[in-house]
Amino acid sequence: MMPPRRERPCITPECKSKQHARGLCMGCYTRMQNAVMEKTTTEEQLMAAGLLLPKYGKRNSHSPFTRAVAKLQKNEQ
């Protein structure tokens with residue numbers, strides 16, 4: 001079983017902090033947001049490079065589980 005997110009290390013190389021959101025610690029996540037707002041990079045580029053995990057959760061209903069449930073519901077109709 002995988003440990004809870006807050007016990008896993010940040011996915012940024014050489015960072016020793018624990019994950020906060022999308023695989024990044026609070027500091028790396030803040031820097032990522034600033035870089036995206038300044039248009040020096042995009043979330044898609046960071047995800048392709050393995051430096052950012054996809055969005056999951058309440059604001060985005062595209063988690064694997066939610067997609068599987070949607071497919072089941074679509075098949076029942």
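The values are calculated or read from the model by the stated rules, or taken from the named source; none is laboratory data. The model shown is predicted, which means the values in this text are computed figures rather than measured ones. Here the Cβ positions follow ideal geometry from the backbone for every residue, glycine too, while neighbour counts run over all protein chains shown. These area figures cover heavy atoms from the full protein model, side chains too; ligands, DNA and RNA do not enter into them. Shrake-Rupley method; radii C 1.70, N 1.55, O 1.52, S 1.80 Å.
Listed values, structure above:
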{"quantity": "Net +/- balance of residues flanking Lys18 in space, Cβ distance below 15 Å, scoring K and R +1, D and E -1", "calculated": "+3"}
{"quantity": "Taking N as its residue count, the alpha carbon Rg of the chain over 2.2 N^0.38 Å", "calculated": "1.33"}
{"quantity": "Förster radius 25 Å - calculated FRET efficiency between Thr41 and Arg6 (Cβ-Cβ, nearest 0.05)", "calculated": "0.45"}
{"quantity": "Extended-chain gain in nm, criterion 0.36 nm per residue less alpha-carbon gap, Ala70 and Arg31", "calculated": "10.6 nm"}
{"quantity": "GluC sites (Glu not before Pro), loop per DSSP, at most 15 other Cβ atoms within 10 Å - longest free stretch of the chain", "calculated": "39-77"}
{"quantity": "Helix axis angle, 64-76 relative to the chain longest principal axis, alpha carbon, degrees", "calculated": "20"}
{"quantity": "C-alpha long axis of helix 26-37 to longest principal axis of the chain, angle in °", "calculated": "80"}
{"quantity": "Surface per residue (accessible, 1.4 Å probe) for the chain, Å²", "calculated": "83"}
{"quantity": "Disulfide-incompatible cysteines by the Cβ rule (no partner under 4.7 Å) in the chain", "calculated": "Cys28"}
{"quantity": "Accessible carbon and sulfur surface of the chain relative to its total accessible area, %, 1.4 Å", "calculated": "56"}
